[in-house]
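Shown next, in structure tokens, is the structure this report addresses.
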There are 2 protein chains.
Amino acid sequence: MSELNLVRIGKKPIMNYVTACVTLFNSGNGDIMVRARGQAIEKAIDTVQMLRRGFLKDLLIKKINLGSEDVTRFDGSRGNISIIEIILSREIEEDVADDETPDESA
Amino acid sequence: MSELNLVRIGKKPIMNYVTACVTLFNSGNGDIMVRARGQAIEKAIDTVQMLRRGFLKDLLIKKINLGSEDVTRFDGSRGNISIIEIILSREIEEDVADDETPDESA
């Protein structure tokens with residue numbers, strides 16, 4: 001539980017990332033982070049929207065971070081690439097403590 | 001002051017939008033909204049990052065909204081397009097009330 005569960009958005013179809021998020025939530029994770037940079041940022045937001053509209057109606061966007069990273073391109077030139085990190089959570093807060101039924105994930 | 005000052009990100013170079021934001025802030029606006037959809041979302045975040053790194057060091061990201069809009073494509077098919085709205089503010093909070101020195105904007 002110490003590290004946030006990360007879904008890193010890349011070049012795969014959106015549905016792959018939607019499924020990854022749903023799987024993470026279903027395996028009992030409270031918060032997950034969707035992270036993307038550059039052109040994949042659009043896909044990250046598409047993923048969140050698809051989750052909200054279809055799969056997890058109780059989805060909550062907890063926090064959105066914007067940032068940037070230094071990159072070196074193929075031709076050796078340097079530049080900045082923007083990053084988005086979206087922290088998602090589910091609204092259902094049943095009193096399921098961490099110490100309850102750990103047999104499912106163990 | 002009732003409507004938020006909007007910078008809508010499109011197909012122009014990033015610097016155009018950076019300049020638009022700086023101009024809005026310099027003309028005395030407290031909050032501005034940067035809005036983009038689809039592929040322009042990446043450019044919106046690039047714009048914010050460029051503002052933060054170079055132009056307005058005291059820039060504050062007040063709120064980020066994600067959403068989606070229905071679109072009809074050229075071929076008549078319908079789909080969804082994701083939207084980002086970033087509300088920016090400047091940290092400087094000198095005690096400048098709204099009723100003070102209105103001659104500048106009037």
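Reported count of residues in the range A:37-78, each being more than 7 Å from chain B (Cβ to nearest Cβ), open to solvent by less than 40 Å² (accessible area, probe 1.4 Å), farther than 21 Å from B:L88 by Cβ and within 17 Å of the chain's Cα centre (by Cα), is 6.
Counting only residues that are modelled with pLDDT under 90 and either hydrophobic (A, V, I, L, M, F, W, C) or touching a strand residue (DSSP E or B) at 6+ places or on another chain (Cβ under 7 Å) (or both), the range B:70-106 holds 14 of them. Scanning the range A:1-30 for residues that are more than 13 Å from chain B (Cβ to nearest Cβ), at pLDDT 90 or above and either under 17 Å from B:I83 (Cβ atoms) or assigned to a strand (DSSP E or B) (or both) gives A:L6, A:V7, A:R8. B:I81 falls short of the stated requirement of being in contact (Cβ under 8 Å) with a residue 12 or more places away in the chain, β-branched (V, I, T), more than 11 Å from chain A (Cβ to nearest Cβ) and closer than 28 Å to A:L51 by Cα. When residues in the range A:8-29 are screened for being buried (at least 16 other Cβ atoms within 10 Å of the Cβ) and touching a residue at least 40 places away in the same chain (Cβ under 8 Å), 2 of them pass.
The values are calculated or read from the model by the stated rules, or taken from the named source; none is laboratory data. Nothing here was measured: the structure is a model prediction, and the numbers come from that model. Note that each Cβ is placed from the backbone with ideal geometry, even for glycine, and that neighbours are counted across all protein chains shown. Note: areas computed on protein heavy atoms with side chains; ligands, DNA, RNA excluded. Shrake-Rupley method; radii C 1.70, N 1.55, O 1.52, S 1.80 Å.
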